[in-house]
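Reading through the structure tokens given below for one structure.
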Amino acid sequence: MDIFVIQGGRPLQGTVRTAGAKNSCLPMLAAALLTEETLELENVPDLSDVRSMLGILEVLGAKVERSGTSVALRTEPSAQPVAPWDLVRKMRASFEVFGPLLGRRGRAEVSYPGGCSIGVRPVDAHIRGFEALGAIVRTREGYVVAEAPPGGLPGGEAYLATSSGSSVGATRNVMMAAVLARGRSVLSCAACEPEVVDLANCLNAMGAKVHGAGSPTIEIEGVEALHGARHAVVPDRIEAGTYVVAGAITGGRVRVEACRPEHLTALLDALYRAGVGLERGRDWIETQPRDPRERLRPTDITTQPYPGFPTDLQAQWMALMALADGVSVITERIFPDRYMHLAEILRLGARIRRQETAAVVEGVPALSGASIMASDLRASAALVLAGLVAQGQTKVHRVYHIDRGYERIEERLSALGASIWREPDTDSPPL
Ligand code: EPZ
């Protein structure tokens, strides 16, 4: 149980390199279950969630070799297609082994992932998708169990809409089940996130026939078998966006390299509206230094499916708007209850109140350091950003949340001039 100790008030300065995308890498690792040949992934981030996924894949028969940012996986189809509760409960994304198991082995038994601190998070769209491909799906003792008819899934038309629009996870899971189906499948109301496109590109490199990824309608011609391939994971737009906001919130010059600026259009537009100076190139974004007395303009955002403003940058935006010169409204449309960070930012002296699915942020001239508690991955990133500008010392507890999605964030922020370090948590009671 570590904490971060942050001495706030220093404008960041320097360059940081974006790692591979967690939310692209996790389902892509699961795609290795679709072939007996070797899938080699490059630009794999060093994160606890990646290690969790590799642990589940080993239970499902995968042989894993890691060297640096490369991971090679080869799967023996003999292992039982069962992903147990004690592994799946740790990481929701592990439910995306379901599609590859069902598509490749004709059967899957995966624990229900359950909810987390950002919301209920059902899997009904996943289940509807597998049924549309021809699977018989039932739940038993907390597990979702599916069987394909003899000869494998026939394929079909799957409508993947959810209450908030599309589902990233359901689109990827059903896509991975459909690539080995006997016939043609059409996924409509599909998610358009770059992580969906990256997975489709990887599957096509393995010999699949996926068309239209990145649009709401994806067509998949089932093939007999997939082969091995090598694929580089796309840069992490959420990690890159978090470092851009770190530059903006401290008023510093931060250059985020090896990223895809075109994947962050909604964030860059909002930063521009807030008065943040930005420069960008083909694979970099740089915040321009700002006079510390110059406050940002209050700027409303509403989270939406891609290419709208990402829900995974909502908390970071709240930290930024806590210091804006006026009132901004943040509306969370994807996970309506995703506001665990709000109460903790209040502890730093912010003025924010909930109003149904929105948060009304009344900017204050300054924040002051305190002990605060992380509750989930992106909330903890926002608390670190707020700590970078808060006067005095901030202690962020339970940083294991942040290690799930950010590689050595304290080292990289220190390299940008922040005063931040990790130490064992001697204050908090054990979990
Ligand atoms: C992915 O989660 C990401 N995780 C999340 O990032 C991200 O917040 C989310 O997409 C939205 O962009 C990974 O890629 C591993 P969804 P996922 O299915 O796939 C509802 C992070 O911080 N829904 O698109 O689970 C659901 O409750 C994480 O890195 C249903 O109703 O999200 C939510 O309200 C957090 N039924 C909405 O759809 C379903 O069957 C979007 O969920 C599935 C989802």
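The values are calculated or read from the model by the stated rules, or taken from the named source; none is laboratory data. Just so you know, these numbers come straight off a predicted model, no measurement behind them. Every residue, glycine as well, gets a Cβ built from its backbone with ideal geometry; the counts of neighbours run over all protein chains shown. These area figures cover heavy atoms from the full protein model, side chains too; ligands, DNA and RNA do not enter into them. Shrake-Rupley method; radii C 1.70, N 1.55, O 1.52, S 1.80 Å.
Below is a table of values for the structure above.
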| read-out | value |
| --- | --- |
| Among (1) within 16 Å of the ligand (Cβ to nearest atom); (2) open to solvent by less than 30 Å² (accessible area, probe 1.4 Å) - the single one residue 145 does not satisfy | (1) |
| Filter result (more than 10 Å from the ligand (Cβ to nearest atom), on the phi < 0 side of the Ramachandran plot and out of contact with any helix residue (DSSP H, G or I) (no Cβ under 9 Å at 6 or more places or on another chain)) within the stretch 148-169 | 149, 150, 154 |
| Residue among 347, 378 that is among the charged types (D, E, K, R) and touching a Leu at 6+ places or on another chain (Cβ under 8 Å) | 378 |
| Checking residue 244 against (1) surrounded by fewer than 17 Cβ atoms within 10 Å (Cβ to Cβ); (2) in contact with a strand residue (DSSP E or B) (Cβ under 8 Å, 6 or more places away or on another chain), the condition it does not meet | (1) |
| Boolean, residue 286 is farther than 22 Å from residue 8 by Cα and either in a strand (DSSP E or B) or open to solvent by less than 20 Å² (accessible area, probe 1.4 Å) (or both) | no |
| Residue match in the stretch 249-258 (condition: under 22 Å from the mean Cα position of the chain (by Cα), within 16 Å of the ligand (Cβ to nearest atom) and crowded, with 21+ Cβ neighbours inside 10 Å) | no |
| Scan of the stretch 84-97 for residues that are open to solvent by less than 40 Å² (accessible area, probe 1.4 Å), within 21 Å of the chain's Cα centre (by Cα) and not β-branched (Val, Ile, Thr), ordered by number | 91, 93, 94, 95, 96 |
| Qualifying residue in the stretch 265-283 (condition: open to solvent by less than 30 Å² (accessible area, probe 1.4 Å), part of a loop (DSSP other than H, G, I, E, B) and within 16 Å of the ligand (Cβ to nearest atom)) | no |
| In the stretch 180-196, the residues that are in contact (Cβ under 8 Å) with a residue 60 or more places away in the chain and either among the acidic types (Asp, Glu) or more than 20 Å from residue 161 (Cα to Cα) (or both) | 180, 181, 193, 195 |
| Complete set of residues in the stretch 14-67 that are touching a residue at least 40 places away in the same chain (Cβ under 8 Å) and polar (S, T, N, Q) | 15, 18, 23, 24, 35, 38, 43, 48, 52 |
| Test: residue in the stretch 313-322 that is open to solvent by 10 Å² or more (accessible area, probe 1.4 Å), at pLDDT 95 or above and of a type outside the set (Val, Ile, Thr) | no |
| Test for residue 199: is it part of a helix (DSSP H, G or I) and either touching a residue at least 24 places away in the same chain (Cβ under 8 Å) or touching a Ser or Thr at 6+ places or on another chain (Cβ under 6 Å) (or both) | yes |
| Check on residue 353, of a type in the set (Lys, Arg) and not in a loop (DSSP other than H, G, I, E, B) | yes |
| Among (1) within 16 Å of the ligand (Cβ to nearest atom); (2) open to solvent by 20 Å² or more (accessible area, probe 1.4 Å); (3) farther than 30 Å from residue 69 by Cα; (4) touching a residue at least 24 places away in the same chain (Cβ under 8 Å) - the single one residue 362 does not satisfy | (1) |
| Sole residue being within 16 Å of the ligand (Cβ to nearest atom) and touching a Ser or Thr at 6+ places or on another chain (Cβ under 7 Å), chosen from 6, 56 | 56 |
| From the options 121, 89, residue that is within 16 Å of the ligand (Cβ to nearest atom), out of contact with any helix residue (DSSP H, G or I) (no Cβ under 9 Å at 6 or more places or on another chain) and over 21 Å from residue 180 (Cα atoms) | 89 |
| Filter pass, residue 172 being within 16 Å of the ligand (Cβ to nearest atom), assigned to a loop (DSSP other than H, G, I, E, B) and closer than 28 Å to residue 308 by Cα | no |
| Residues within the stretch 289-316 that are within 16 Å of the ligand (Cβ to nearest atom), assigned to a loop (DSSP other than H, G, I, E, B) and touching a strand residue (DSSP E or B) at 6+ places or on another chain (Cβ under 8 Å), tallied | 4 |
| Residue ID - surrounded by the most Cβ atoms within 10 Å (Cβ to Cβ), chosen from residues in the stretch 324-346 that are of a type in the set (A, V, I, L, M, F, W, C) and within 24 Å of residue 398 (Cβ to Cβ) | 345 |
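Yes/no per residue for (1) in contact with a helix residue (DSSP H, G or I) (Cβ under 9 Å, 6 or more places away or on another chain); (2) within 22 Å of residue 251 (Cβ to Cβ):
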site: 339; (1), (2): yes, no
site: 344; (1), (2): yes, no
site: 348; (1), (2): yes, yes
site: 359; (1), (2): yes, no
site: 365; (1), (2): no, yes
site: 368; (1), (2): no, yes
site: 371; (1), (2): no, no
